[in-house]
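Since the structure comes first, as C-alpha cells, the remarks are kept for the end.
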Amino acid sequence: MNLRSRIVVLAASIVLLAAMAVAYTVFRGAEPTPAAGAATGRPLQLLTNGRLSYTSGTGARKVTSVQCDRAYAAAGTVACLRPVGALSAGALVVMDSGLHERRRVPLTGFPNRLRVSASGRMVAWTLFIDGHTYATTGFSTRAGILDTRTGQLVDSLEGFTVIKDGTPYRNKDANFWGITFAADDNRFYATLSTGGRRYLVQGDLAARTVRTLAPGVECPSLSPDGRRLAFKSAVGGDPKRGWRVSVLDLATLRTTPLAETRSVDDQPVWLDGHTIAYALQLSDGTNQTWTVPADGSGKPRLLLSNANSVSPAP
Amino acid sequence: MYLSTLTRPALGRRGGPVAANVVALGAVSLVTDVSAEMVTAILPLYLVVGLQFSPAAYGAIDGLYTGATALLRLAGGYAADLAGRRKPVAALGYGMSAAAKLGLLAAAGSAAGIGLAITADRAGKGLRTAPRDAMITLSTPPERLGRAFGVHRAMDAAGAFAGPLAALAVLAAVPGSYDSVIMASFCVALLGVVILLLFVRDSPGPRPPREALRWRALLDGPGGRRLAPASCLLGLATIGDGFTYLLLQQRTHLAVGWFPLLAVATSGVYLLLAAPLGVLADRIGRLPVLLGGYLTLTATYLLLGEAPGGLWLVVAVTVLHGTFYAATDGGLMALAGPLLPSGLRTTGIALVQSGQALAYLLSSVLFGVAWQTWGTRPALLAAAVTSLAALAGTAVLLRPAKEVTA
C-alpha cells in the first residue's frame with residue numbers, strides 16, 4: 001500500500017469508528033435502562049440505575065435525570081447522596097418534592113445509608129470513608145446528621161459521648177452507621193462498632209450522647225409506630241456469612257426473624273406498619289427490591305426489579 | 001527503504017529528524033493512551049463506588065496485575081525475537097487491550113468479568129511494550145535514542161493527558177453513561193491498532209544468526225549482568241502512583257474524585273518535559289538524567305512525609321512526579337537499548353521491564369505493609385532511604401556502561 005491509500009484507509013477508519021461510538025451512545029448509552037413495569041399498589045420513590053425515579057403504583061415508572069447513589073424521601077423532603085463525580089466530591093443534596101435543591105453538603109466518602117425522619121426535618125447518612133480503610137483492619141464509616149430546619153450539621157457521630165453498658169466509654173476505633181430517627185426528631189437509633197463488636201445504640205441528638213441497647217443489631221429502621229426496629233444482623237455474629245433481617249420489639253427486646261432467608265445487606269424500610277422492604281444485589285450487579293411481612297409470617301415477594309433505595313414517595 | 005524520515009526538524013537544534021517510525025509508534029501510543037486513560041479515569045470510581053473496593057485495594061490489585069503479566073511480557077519478547085518480527089506481537093498486544101474494553105462492557109458489573117477484562121488489558125500492555133520499545137531502538141541511531149524516546153514518551157503522555165479529558169467530555173455530553181465512555185474507548189483503541197498496522201514498519205535488518213538467540217548471550221552480557229539487576233533496584237525505589245496519590249489525598253484532604261485530574265496533571269508535566277529531558281540525556285549522558293529523575297522521587301517521598309499539607313503540596317508532588325516519569329521512563333530504555341544484542345533486543349527490553357515491574361510489585365506490597373505497621377511518615381522515610389540506596393547501587397552497576405555505549 002502506498003502512503004495515499006494508507007491515509008485513505010486511516011481516514012475511513014476514523015469516520016467508521018467515530019460513527020460507531022456515537023451510534024452506541026445515542027442508541028444505548030444515553031437511554032436509561034427501561035424500567036420493569038410492576039404494580040406496587042403505592043406511590044414510591046426509588047433509584048433506577050442511580051437515577052431518581054417514581055412509580056405511582058400502577059406499574060409505570062418515571063425516571064428523572066437526577067443522579068444519586070442513595071436516596072430517601074419523607075414529608076416533602078427528598079435527600080440524595082450524590083456519587084463522587086470525575087471532578088466533584090460527593091455531596092448530600094436536600095431537595096423539595098419538586099426536586100429543587102435546598103441545601104448541599106459536600107461529603108468525602110462512598111454513600112452507603114441515607115434516611116429522612118418521618119417529619120422530613122432530619123437527614124441522616126452513612127459514608128464509607130476511604131484512606132482510613134488501609135490503616136485499620138476493618139472498614140471505616142462516618143455517620144452524620146443534618147437538621148434541615150435549623151441548618152445544624154453533625155459531621156460525625158464520633159464526637160458524641162458513648163455510654164456502653166451504663167458507663168462512659170471511649171475508644172478511637174468507634175464507627176457508627178445506619179441512623180434512624182424517632183418521631184420527636186431528637187431520639188435516634190444507630191449501629192456502633194467498637195472492639196470488634198457491633199451494638200444497637202439509642203442516641204440523643206441535643207445531649208450529644210449515645211448508649212448501647214443490644215448487641216449484634218445493624219442498620220436499624222424504626223417502624224412508623226415507633227415501637228419496633230427492623231434491622232440486619234450477621235449470621236452467627238460473622239459478617240462474612242451474610243446478614244439476616246429481623247424485627248426487634250423495643251419494649252420487650254424480643255427479636256422476630258423475618259421470612260427472608262437470603263443475605264440482606266441493606267437498611268430495611270417500613271413501607272407501612274406491617275411491610276418491610278429491602279434491596280438485594282444480584283450477581284450481575286443489578287438491584288431488586290423485595291418485601292416481606294414484618295411479623296415473621298408469609299414469604300418474600302419481589303416488589304420492583306432494577307430498583308434500590310426505595311422509600312415512600314415524598 | 002524503511003527509514004523514511006520526517007522533513008520537519010525535530011526538537012533540539014542539532015541532530016537530524018526523528019525517524020518516521022518513531023513518530024508512527026508515538027501516534028499509536030498517543031491514541032492507545034487516550035483510550036486507556038479514558039477507562040482508567042472512570043474505572044477506580046466504578047470499582048470503588050460500584051464494588052466497594054477500597055482505593056488501597058485498587059492500588060494493590062493494579063500492582064498485582066502489572067506483576068502478573070511480567071511473564072507474558074518475557075514470553076512475548078522472546079517470541080518476537082525468535083520470529084525476528086516485533087510488529088505482530090505488538091499488534092496482538094494492542095488488539096488484546098482493545099478487546100478488553102468490550103469485555104468490560106460485557107462484564108456488566110460482575111466482579112469476575114471485570115477482573116478478567118482488566119487482566120486482558122494489562123496482558124496486552126505487557127505484550128506490546130517491549131516490542132514497541134525494541135522497534136524504537138532499532139529505528140534510531142544509538143546517539144539519538146534519548147531524544148527518540150523523549151519524543152515517543154511525550155506523544156504517549158499527550159494521550160494520557162487527553163484521555164481523562166475525553167472521558168469527562170463524554171460524561172458531560174451523556175451524564176452518567178459509563179458505558180458510552182467504555183465504548184468510545186474501544187473505538188479509539190481500534191484506531192490505534194489501525195495506525196499501527198498501516199504506518200509502523202517493523203525494523204529491518206538481516207535475521208540474526210541463530211546463536212544470537214541464545215539466552216546466555218543476553219544473560220552473560222551487560223543486559224543480564226548489569227541492566228536487569230539495576231532495573232530491579234530502580235523498581236524497588238518506586239511505590240507506585242496509586243499510593244502517591246492516595247497519600248497526597250490524605251495529606252491535603254482532597255476529594256477522591258480529583259484522582260483522575262492528578263493523573264492528568266502528572267501527564268501534563270511528563271508531556272512537557274519528556275522530549276527536552278531526552279535531548280538533555282543525549283547531551284550530558286543518560287545515567288545522570290536517569291538518576292536525577294529518581295532523586296525527584298526521593299524528594300516526593302520526603303515531601304509527602306515531612307512537609308506541611310496544602311495546595312502547594314499537590315502542585316509540588318504533581319510536578320515532581322511528572323518530572324520523574326519524563327526523566328526515567330524512556331530514559332532507562334534509551335540507556336538499555338544499545339547494551340542489548342539486536343537479535344535479542346525485544347527479550348532484553350522485556351527482561352529489563354519485567355525486572356522493574358516485579359521489583360515494583362514487591363516494593364509496593366512492602367510499602368503497604370510498612371504503612372500499616374508503622375504509619376505513613378516512617379513508611380515514607382523508609383521508602384526515601386530505600387530509593388537512595390537503590391540509586392547508589394544503580395550508579396555503581398551502570399557507570400561503566402558509558403564506555404560500552406561510546
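Just so you know, all these numbers are worked out from the coordinates, no wet-lab data involved. These figures come from a predicted structure and were not determined experimentally. Cβ atoms come from the backbone with ideal geometry, glycine included; neighbour counts cover every protein chain shown.
One table, with the values for the structure above:
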read-out: Computed Rg/Rh of the stretch B:282-406, alpha carbon atoms with Kirkwood Rh; value: 1.02
read-out: Estimated FRET transfer efficiency (residue B:143, residue A:2; beta-carbon r; R0 30 Å; 0.05); value: 0.40
read-out: Cysteines, chain A, no other Cys beta-carbon under 4.7 Å; value: A:219
read-out: With Cα atoms, 0 to 90° folded angle of helix A:3-24 axis to chain A main axis; value: 40 degrees
read-out: Full-extension gain in nm, residue A:251 to residue A:197, via 0.36 nm per residue minus C-alpha separation; value: 17.1 nm
read-out: Label-point gap, in nm, between residue B:365 and residue B:173 - each point 7 angstrom along Cα→Cβ; value: 4.3 nm
read-out: Global geometry of the stretch A:41-312, whether rounded, prolate or oblate, following the gyration tensor of its Cα atoms and the 1.5 cut on a/c; value: rounded
read-out: FRET efficiency for residue A:65 and residue A:282, using Cβ-Cβ distance with R0 set to 25 Å, rounded to 0.05; value: 0.50
read-out: Sites residue A:161 and residue B:253 - FRET efficiency at Förster radius 35 Å, r taken between beta-carbons, to 0.05; value: 0.85
read-out: Computed helical MRE - 222 nm, chain A, DSSP H runs ≥ 4 contributing -39500 (n - 2.57), nearest 500; value: -2500 deg cm²/dmol
read-out: Protection proxy ranking, peptides B:367-375, A:46-54, B:230-238, average beta carbon neighbours within 10 Å, highest first; value: B:230-238, A:46-54, B:367-375
read-out: Shielding of B:351-358 by partner chains, average beta-carbon count, 10 Å; value: 0
read-out: Choice from A:237, A:178, A:203 showing the highest fluctuation, given a GNM over chain A with Cα pairs closer than 10 Å; value: A:237
